[in-house]
Structure formats: structure tokens, C-alpha cells
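Just so it is clear, none of the values below were taken in a lab; they were calculated from the coordinates. This structure is a prediction, so every number in the text was calculated from the model and none was measured. Glycine also receives a Cβ, built like all others from the backbone with ideal geometry; neighbour counts cover every protein chain displayed.
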């Protein structure tokens, strides 16, 4: 084994980890001398510089491929996920200057970076020991990040709920993986697959499969494992919620795809209409149908925008599961594209919600009233993000959803296949328009209430403006010119 | 003669006890302990399988268990810190004394 090659290949993760330590040290050294706003800017600038460094490295160096006997697989596709994760972390970091939620700035930024390291390793891990370690690195950092506002009792309770349910889910995952190891004698997913295929439907294998689906289902927040999501999205500090909604969801989905397609390709089963066969497809099919239904219907009655975004996120996880169920490279490419566009839009929506929350004291729908008069730029960005989440053309959300549904429809292999699930998803997408347009109606049609400083424009930091504008432009561009990225992803995953 | 199946049965029982405790207990510290039981059930599985596979093959499992124990320790550290922070607010570690967060 060549340790030099491993160190070289993991340089982006190492850059982020070293930046985290540097930020901790810098903030501790400067805490007495600088004021809190200056420290926020300095720490975030250092964190963003680290992310940029990792991005540049990943763009410049060729992806190293399989490493350490297949422990890590850093191919083009997982590098794409890692780059997207670095971008998402940068955006969340910049949003945290605006919220200025704590005085423990060094710790906050360092934990954000460490969570990103964990998520990036999750995207490349192929060995179950590394899968578990990287997943826990990301999760433990996120639990702590969710609890950063120690004066907010609601936030702490959401963090405790997140921690207890997340801890249970990782116990399920570890139990499932231990059974997989016992059945196959291998810890690497790709080597495990042929040995598991020979076993057929062993009872222990069924237990293992179900445990792994439960464990990963918690992380991607699909019904019935979604209970933590609304509370964390609503009550956790805003940048944490943005990272949980975007980066954590993306990396967990990529891990789920790898587990299902590389670990159990022979155990897929079928989830066709009247053609069910045992395997992971029916499990995911049920979870997808329930998530799409429950997420969209419960979002209709929410009055808090962050909670609304949480239920819409549950529905989006359901849509993304359709692409996983396609079970081929096209479906995987569609899911990765869909989740990256979703993540950009959701971080943007959280950013706008954060500014509204800081200026008007809440994130209820009424607080968005008259946003158009207060800040045309914010309102325009919100317009783009919300319509992309709703999946209207020509925005990126539409292309992503279309690619996912097309992949699921094409994978049926004769007969009706997954058409029933696609029809259900399309119907529910129409329902979802109602609550998305509710938010826009408040922002554009309603007048600002007199009591809340009606005509006064809201102050928005220039850095936040740049990030929100950049995210909106990216969403529009990815929607208008999707071909390049999508076909590149298909080629990267097909090889 | 004790075979791998005996270990697996004990591990499955431990996992079940842990899951039942995690779902029914109202005290957050007891829930945390139940989660640790579930993790240890998985560790016991791994040790049993590693022993069955022999020294050469089973060393992977031994390493994995070491990692898992270290991670579980970190996890309970984070968990106890969280419980302590909430205790400062409401002087109790019970999960249902405050109006619960809406599902």
C-alpha cells in the first residue's frame, strides 16, 4: 500500500481539516482583541478560503480512482459530489455572518468544515468501516452545530431530537453492516456484491438489508424516518439547517445509491404495479410514495416558512428516490443533478428566510409580506429559488425533476414499471405549487404591515447579496443549459 | 459447544432490548444508554463474525470494532453535552416535560 498516494488523493479533505484547525487557533488568539462582527468575517473568510483551496485542487488534479485496495473510490462522479459539497459549505458559511448566532465563532466554523470533510469522505467511501467513520464524523459535527444557540430552548430540543434519532439510525446502520460482513466476509461494497448474490434470500440478509435501509433512510429524511427534519429545519441555527438540508442530504443520497447499486445489485426486487418482488426496490418504493404524499400534504398547512421548506424537503427526497429506483447510471446521474440543483435553491431560500427572520423577528408567512418593497433583490432571488423548488421551467429544478422521472420511466423494462409512482409524483407536484406560490404571494402581492417599519429597506450584507445572487444565477443557468453537466455526469457514471 | 449462532442470538436480543428502551424510555439519558446497547449489539456481531472467519480474515472486524467503540464514545460525549445544555434550561432530563415539538 502506497501511503503517499493516499495522502495526495485526500489533499482536498486535508486542506479543509487543516483550515478548521487554523480557524480554531486564529479565533482563540484574536478573541480578546477583535469585536464579534470582525471575528465572524475573519473566520468565515478563512473557511471560504479553505473551501476554495479544496475546490481548486479538485479541479486541477485528476481524480485518483480506486485507492488502498478499493477502500476509497474517488472517481469523476464522487469528485463532482465533493465539489458541490464544498460550494454548498461556502454558501452556508457566508450566510452565517448574517445570522451571527454565537460568540464561539472559531468552533462553529471549524465544525462546519469538519462536517464537510465527513460528507466528502462519505461520497468516496467504499469500505464499510470508512462509511461508518465518515458518516459519524459528519453527523456528530452536525448534532453539535444544531445545538449552537444555547439560549434557545426550542433549538436545543430540536438538536436533542436530531441526536437521539440519528444515534438510533446509525446503530441500525452498524448492525446491518455487521450482518453484511458476517454473510460475505468482506468489508468492501463491490467485493461483497457477488458473495451476497450467491446467498439468495437468507433471513439474516433480509434483516441486514432492512437495517441498512432504515439507517440511511433517517439520514436522507424519508417517511417514516423523517420526524427529526421539521424541527431541525425550523429551530436549528440557520446556516446549520441550510447545510443539513443541502450538503448532508446530497452526500447521504450518494451513499445510499452506492450501497444499493454496488452492494446489492442482485437483491433489487421489483416495485412495479402488481409486479412486486422482495428486495430493496419495494422498500424504497413505499418510502418514496409516502414521502411524496405526506411531505406535500403537510406542507400545505404550515405557517412557518422554514417548516414548510422541511416538509417540501421530505417530498423532494421522495422524488429523488425515484431516480435511485431506476437502478442504472442514467438514474444516478439524474439524482446527482437533481440534488445539486435542489441544494442550491434550498440554501438560497434559507438565506432569504434568515434575512427576513433577523429583520422582522420571525419566519412565518406574514413576515414575508411586502418583501418586494423592502428589498427587490431579495424578492427576485426568492422568486427564482421557490419556483425552482416547485419545478417550473426554465429553472434548474424542472430539468432535475424531468431527468429523474425520465430515468425512472425508462428503467421499467417493458410493462408499466414505475409509471404508477411517477404519476403519483406528478400529481403531488401540482399540489406542491399551492404552498410554494403562497410564499411568493406574501412576498409580492401583500403590502408590508405598518407596524413592522413598513417602508424601511432592510439592510443586507454585501457578501450575502453576492452569494444569493450567485445561487440564483446558477439555478437559472443550470436550468437553461443543463445538457453539458447532465451528459458529463452520465458519462462519468457509465464508465 | 458455543457457535457463532449463539453470539448472534445474544446480539439480536441486545439490539431488541436497546431498541425497545430507546423507543419507550422518557428519560433522555436512558435513551442514550439504550442506543449504546444497540451499538454494542452490532459490535458483538462483528466480533463473533471475526472469530468465525479466523485470525487472518477476522482482523478487519477487530479493527472495525475498535473504530466503532471510539466513535460510540464520541457520540455519548456529544449526547451528554446536549442533555446537560437542556438540563440548564428546564432542570430535568425528561423528554416529555416540555410541550413536545410538533411532529
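A few notes on this one:
- Fully extended contour minus Cα-Cα distance, from residue A:290 to residue A:447, at 0.36 nm per residue: 52.8 nm
- Mean-position separation - Cα centroids, region A:458-472 and region A:235-274, in angstrom: 30
- Degrees, to the nearest 10: B:4-24 long Cα axis against longest axis of chain B: 10
- Over chain A, the ratio between the Cα radius of gyration and 2.2 N^0.38 Å evaluates to 0.94.
- Estimated FRET transfer efficiency (residue B:33, residue B:6; beta-carbon r; R0 22 Å; 0.05): 0.35
- Cβ-based exposure ranking for A:114, A:389, in which fewest neighbours within 10 Å come first: A:114, A:389
- Spin-label pair residue A:190-residue B:26: with each label point 7 Å from Cα along the Cα-Cβ axis, the two points sit 5.3 nm from one another.
- At q = 0.10, 0.11 Å⁻¹, base-10 log of I(q)/I(0) for region A:289-495 (Debye sum, equal scatterers on each alpha carbon): -0.44, -0.53
- Mean-position separation - Cα centroids, region B:11-56 and region A:1-74, in angstrom: 35
- Of the residues A:231, A:76, the one with the fewest other Cβ atoms within 10 Å heads the list, and the complete ranking is A:76, A:231.
- Relative to the longest principal axis of the Cα atoms of chain A, the long axis of helix A:11-30 makes an angle of roughly 30 degrees.
- Working note: 222 nm ellipticity from helices only, DSSP H runs with n ≥ 4, each -39,500 (n - 2.57), summed and divided by the residues of chain A, gives -25000 deg cm²/dmol to the nearest 500.
- Set of region A:260-274 residues, backbone N closer than 17 Å to the point 7 Å along the Cα-Cβ line of residue A:206: A:267-271
- Net lengthening on full extension, residue A:60/residue A:402 (0.36 nm per residue, minus Cα-Cα): 120.0 nm
- Contact order for chain B, expressed relative to its length and based on alpha carbon pairs under 8 Å spaced 6+ residues apart, stands at 27 percent.
- Counting beta carbons within 10 Å around each of A:341, A:240 and listing the fewest first gives the order A:341, A:240.
- Mean-square fluctuations from a GNM of chain B, with a 10 angstrom spring cutoff on Cα atoms, peak among B:71, B:35, B:17 at B:71.
- A Förster radius of 25 Å, combined with the Cβ-Cβ distance separating residue A:473 from residue A:433, puts the computed FRET efficiency at roughly 0.60.
- Between the helical axis of A:419-444 and the longest alpha-carbon principal axis of chain A there is an angle of about 10 degrees.
- Compactness of region A:158-297 - radius of gyration and Dmax, Cα, Å: 15.9, 48
- Taking label points 7 Å from Cα along the Cα-to-Cβ direction, residue A:358 and residue A:76 give a separation of 4.0 nm.
- Rule-of-thumb Rg ratio for region A:43-90 [Cα; 2.2 N^0.38 Å; N residues]: 1.26
- Alpha-carbon centroid distance for the pair region A:334-379 / region A:398-412, whole angstrom: 27
- Once the Cα-Cα distance is subtracted from the 0.36 nm per residue extended length, the residue B:74 to residue B:56 segment shows a gain of 3.6 nm.
- Whole-percent pair-distance distribution, where bins are 10 Å wide, for the alpha carbons of region B:4-90: 18, 38, 28, 12, 3, 0
- Within 10 Å of each Cβ in B:42-52, the average number of Cβ atoms from other chains: 5
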